[in-house]
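First comes the structure, then the notes that go with it.
The values are calculated or read from the model by the stated rules, or taken from the named source; none is laboratory data. In this text, all values refer to a predicted model and were calculated from it rather than measured experimentally. Positions of Cβ are backbone-derived with ideal geometry, glycine not excepted, and every protein chain shown enters the neighbour counts.
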Amino acid sequence: MVVCRLDKTKFFVVGAGLFSGVSALLYPVSVLKTRMQVARADAVHTTALSIFKHVLRSEGIPGLYRGFGLIITGTIPSRMVFLTTLETTKAATLKLTEKLDVPETSAAAIANGLAGLVSSMASQTVFVPLDVVGLHLLYCSMHMLRFISVQCSLSLAKVIVVSSDFHCCVAPLNTGKSETNGARHTGSHQI
C-alpha cells in the first residue's frame, strides 16, 4: 500500500490562512444569526436584513466582527489539533489494517472514517469552550457593554466557567440529563 507523506508545516500554515480567510468572510452571518436568536419578541429589528442594516448604522463594520478575535484564536489551534489527529489516526489505522490483511478499499474507508471521528472529537474539545465564551461575550456586548477588552474577556470567561462548574463549556453537548449532587443540571447559566 502506498502512503503519501504530507508536508504538515506547509499544510498548517496554508490551511490556517485559508481557514481564517473563510472564517472572516462567514463570521458576519454568525453575528447576525446570534443577534436574531437573542432578540426580544418586541424587538424592532427581527429579520436578518434589518439587523444587518441596524448593525452597520449603529456600529459600523466592526459590529459585524464583534468577538471575531476570540473565535479565530480558538479555531486555529482547533484546526491544528484536527489535522494532526486526522493524519496521525489515519496513518496508524492504515498500518493496523495492513497487518490484518484488510482489502485496500476497506482499509481506506475504515482509516478515513475512524480518523474523521477521532479528529472531530479532539478538535471540538478545544473549540466548543471558546465558542461558548465567544457567544456570551457577543451577547454581553449587545446588551451591556459597548467595548470589551481582553482583560474583560478573560474575566468573563472565568466567571462563566466558575459559575457553572465548567458545564457551560460543553453546553452544546449537554443534554440536560446529567446529575450533580442529586440535583438536575441543565448547563444553562445566564450572565
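Based on what the data block shows, is L100 surrounded by 13 or more Cβ atoms within 10 Å (Cβ to Cβ) and over 16 Å from the mean Cα position of the chain (by Cα)? No. Under the condition of being without any contact (Cβ under 8 Å) to a residue 24 or more places away in the chain and touching a Cys at 6+ places or on another chain (Cβ under 8 Å), the residues counted in the stretch 94-135 number 0.
Which residues, taken from the stretch 35-73, are part of a helix (DSSP H, G or I) and either at pLDDT below 85 or among the aromatic types (F, W, Y) (or both)? Residues satisfying the conditions are R35, M36, Q37, V38, F52, F68, G69, L70, I71, I72, T73. The condition (being under 23 Å from V128 (Cβ atoms) and surrounded by fewer than 17 Cβ atoms within 10 Å (Cβ to Cβ)) is satisfied by just one residue among V22, V31, V44, V13: V22.
Every residue, every condition in (1) touching a Leu at 6+ places or on another chain (Cβ under 7 Å); (2) outside any helix (DSSP H, G or I); (3) of a type outside the set (S, T, N, Q), yes or no:
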site	(1), (2), (3)
E87	yes, no, yes
L96	no, no, yes
D101	no, yes, yes
A111	yes, no, yes
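The conditions of being over 26 Å from K8 (Cβ atoms), at pLDDT below 55 and either among the hydroxyl-bearing types (S, T, Y) or surrounded by fewer than 18 Cβ atoms within 10 Å (Cβ to Cβ) (or both) are not met by H143.
Across the stretch 108-133, the qualifying residues are those that are crowded, with 18+ Cβ neighbours inside 10 Å and of a type in the set (S, T, N, Q), and the one among them that is farthest from P77 (Cα to Cα) is S119.
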